[in-house]
Structure formats: C-alpha cells, structure tokens
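So the structure is just underneath, and the comments pick up after that.
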Amino acid sequence: MPHASADSPSADLAALRARPIGMFDSGIGGLTVLHECLVAMPAEDFVYVGDTARFPYGPRSQDELRLFARQIATFLDETGVKLLVVACYSATAAALPALQERFSTPIVGVVLPGARAAVQTSRYRRIGVLATEATVASGSYVRAIGALDGGAEVIQQACPGLAAFIQEGDVASHEVVDAVRRFTAPLKDRRPDVVIMGCTHYPLVAPLLQRALGRDVTLVNPAAEIAREVAEVLVRQGIEREVDEREGSYRFYCTGEVDAFRAVGARFLQMPLDDVEQIGVDRLAALVDDHTPARPR
C-alpha cells in the first residue's frame with residue numbers, strides 16, 4: 001500500500017522526515033548517483049536496490065522494464081521511504097510516468113535533470129546522447145530536450161554492451177577503448193558541442209569518452225543534477241532532515257551475488273559497502289499483482 005505523502009493530513013511529519021530515500025538501478029551504475037546524493041545530503045539515510053540478477057536493462061523490452069521497475073518500487077515503498085529515485089535511465093524512460101501514477105511517494109527520474117543541464121550548457125544547440133538501446137528507443141531524451149528547447153538538435157547513439165563491461169569493473173581494457181571509439185564516431189560526425197552520458201555506468205569511463213570526443217565537447221554527467229533535484233524536492237515537500245542533525249546511513253539490496261556487488265560497487269560509490277543483503281527476484285515478483293489498480297488520484 002503506498003505511503004502517505006508529505007501533504008497528507010494524517011502524515012506524521014517528523015516520522016516522514018526520518019524515513020530513508022529509496023533508489024534503484026539495474027546494477028551498480030546508480031551508485032554514481034548515490035555518491036552525489038551522499039555528498040549533497042549528508043544527513044539523509046538511503047536504501048539502494050541493484051537488480052544485478054537481471055542486468056543489463058538496455059536490451060529489455062519496455063514492458064519488462066515497467067514490470068521490473070514496479071516490483072522494485074513496490075519493495076522500496078513497503079520499506080517506508082519518503083522519496084524514490086529511479087537511478088536507471090532505461091527504467092526511467094520506460095516506467096517513470098507509470099510509477100508516478102501508481103505511488104503517492106514522490107519519484108525522481110534521471111532523464112530530465114541531465115536534459116536540463118545539457119540545454120543550459122550547449123552554445124550551438126547540438127546535443128549528443130550516449131545511452132543504452134532501451135533509452136534510445138524510448139525517445140525520452142528527444143522529448144525532454146525538445147520540451148526545454150524546441151530548436152535543439154538531438155543526436156542519439158546507442159552503446160550496446162558498454163555498460164556490461166563497466167558493470168564487471170572493466171574501465172580501461174583495449175576492448176572498452178575500442179567500444180568507446182566505435183560508439184563516439186557517429187556523434188563526432190554530427191559535431192555536437194555537448195554530450196550527455198545517458199547511463200549511470202558511463203561516468204566511470206568519462207576520461208575515455210572525453211578523449212574520443214575531443215576537448216571541445218562538454219560531457220554532462222547528470223548525477224550531480226539529479227542530487228540537486230532530489231534535495232530541492234525534499235525542501236519543497238518539507239521532508240528534509242536538518243543538515244547538522246546527524247550523519248546519514250546507507251544500506252543495499254541486490255538480486256545477484258552479494259560479494260561481487262560489494263567489491264565492484266565500492267569503486268562506483270567511492271565509499272565502503274558494508275550493509276548488503278540479497279533479495280531474490282522471486283520475492284520481488286511476488287509483490288506485484290498485475291491487476292492491482294493504481295492509487296486514487
């Protein structure tokens with residue numbers, strides 16, 4: 001059952017403020033977003049789900065992504081979070097509107113903050129997007145950028161397999177370098193002045209991307225913009241913790257192997273990953289009845 005939102009008369013505001021922020025991704029890439037949130041909101045608690053057993057999301061269908069996103073959002077909502085971050089571009093592109101329709105908990109996606117930063121940064125209104133197949137196919141960046149600047153040219157490039165290299169901790173092999181060169185070549189031909197790293201994994205190979213694209217291209221890492229938006233939503237809802245109240249905690253669930261998540265995840269988060277628990281895909285699937293109606297509006 002969705003939790004009461006901050007403007008519900010029955011909500012205990014103090015208890016609501018004390019709840020953690022929920023976040024999920026297809027794997028460990030979303031830890032780049034969590035890192036920025038931990039820095040920007042040091043007093044807040046976080047709980048993160050990495051769906052590593054079903055990674056990668058990029059080749060998945062839109063229906064699969066909507067189902068997976070709804071399962072994980074239901075799990076996090078039932079743990080009692082005050083805000084949910086869909087820290088996965090493929091899941092945001094496929095499922096964000098449906099999740100926002102179903103849950104009363106505020107939900108932030110990762111596409112719009114990056115699109116806004118790119119539009120604000122671009123001088124020549126030619127914006128490139130490097131993303132997974134699912135994100136490119138959804139057209140979410142084309143819509144988001146078009147809504148902000150109807151005259152901007154959007155050049156999308158799918159990068160199949162790149163996130164999988166990075167998920168395994170490979171950020172510097174010859175294979176990764178070759179893949180980066182292959183995926184950036186079509187963008188270079190169109191000469192964008194700004195390129196969005198439209199997958200949470202890609203910041204880990206930002207130096208390779210920058211070298212391939214050239215120093216005149218500005219790379220946009222939306223993670224800091226996402227953290228800023230999360231902080232602003234907390235303030236608008238009146239559910240933020242006091243900055244000097246305490247140092248927040250963070251804990252993790254993953255659907256795959258815990259030791260692998262902990263080892264590689266620490267490189268993404270740049271902090272220790274001590275509290276990691278496995279949650280089975282079957283447990284997530286059992287939470288969702290496809291015939292359950294959305295919450296009343």
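So the values come out like this:
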| quantity | calculated |
| --- | --- |
| Pair list, Cβ < 6 Å and 6+ apart or interchain, from segment 201-216 residues that are over 12 Å from LEU187 (Cα atoms) and in contact (Cβ under 8 Å) with a residue 40 or more places away in the chain to residues that are open to solvent by 30 Å² or more (accessible area, probe 1.4 Å) and not polar (S, T, N, Q) | LEU204/VAL171; VAL205/VAL171 |
| Residue check for ALA147: open to solvent by less than 30 Å² (accessible area, probe 1.4 Å), small (Gly, Ala, Ser), in a helix (DSSP H, G or I) and modelled with pLDDT of 95 or more | no |
| Tally of residues being out of contact with any helix residue (DSSP H, G or I) (no Cβ under 7 Å at 6 or more places or on another chain) and either open to solvent by less than 10 Å² (accessible area, probe 1.4 Å) or touching a residue at least 60 places away in the same chain (Cβ under 8 Å) (or both) across segment 73-85 | 6 |
| Matching residues, segment 116-132, being of a type in the set (Gly, Ala, Ser) and within 21 Å of LEU162 (Cα to Cα) | GLY128, ALA131 |
| Every residue from segment 133-154 that is under 20 Å from VAL217 (Cα atoms) and either in contact with a helix residue (DSSP H, G or I) (Cβ under 7 Å, 6 or more places away or on another chain) or among the acidic types (Asp, Glu) (or both) | TYR141, ILE145, ASP149, ALA152, GLU153, VAL154 |
| Within segment 178-279, helices (runs of 4 or more DSSP H) holding 1 or more residues that are open to solvent by 50 Å² or more (accessible area, probe 1.4 Å) and closer than 21 Å to ALA53 by Cα | 258-269 |
| Segment 118-137, residues that are surrounded by fewer than 22 Cβ atoms within 10 Å (Cβ to Cβ) and either within 15 Å of the chain's Cα centre (by Cα) or modelled with pLDDT under 95 (or both) | GLU133, ALA137 |
| Selected residue (criterion: least open to solvent (accessible area, probe 1.4 Å)) from residues of segment 32-72 that are under 19 Å from ALA18 (Cα atoms) and of a type in the set (Gly, Ala, Ser) | ALA43 |
| Condition met for VAL129 (among the β-branched types (Val, Ile, Thr), outside any helix (DSSP H, G or I) and within 25 Å of GLY265 (Cβ to Cβ)) | no |
| Answer residue from segment 104-114, given it is among the hydrophobic types (A, V, I, L, M, F, W, C) and in contact with a strand residue (DSSP E or B) (Cβ under 7 Å, 6 or more places away or on another chain) and is nearest to TYR57 (Cα to Cα) among those | VAL110 |
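The values are calculated or read from the model by the stated rules, or taken from the named source; none is laboratory data. All of these numbers come straight from a predicted model, not from anything done at the bench. Don't worry about glycine lacking a Cβ; one is built from the backbone with ideal geometry, like all the others, and counts go over all protein chains shown. When the accessible area is computed, the model is the full protein with side chains, heavy atoms only, and any ligands, DNA or RNA have been set aside. Shrake-Rupley method; radii C 1.70, N 1.55, O 1.52, S 1.80 Å.
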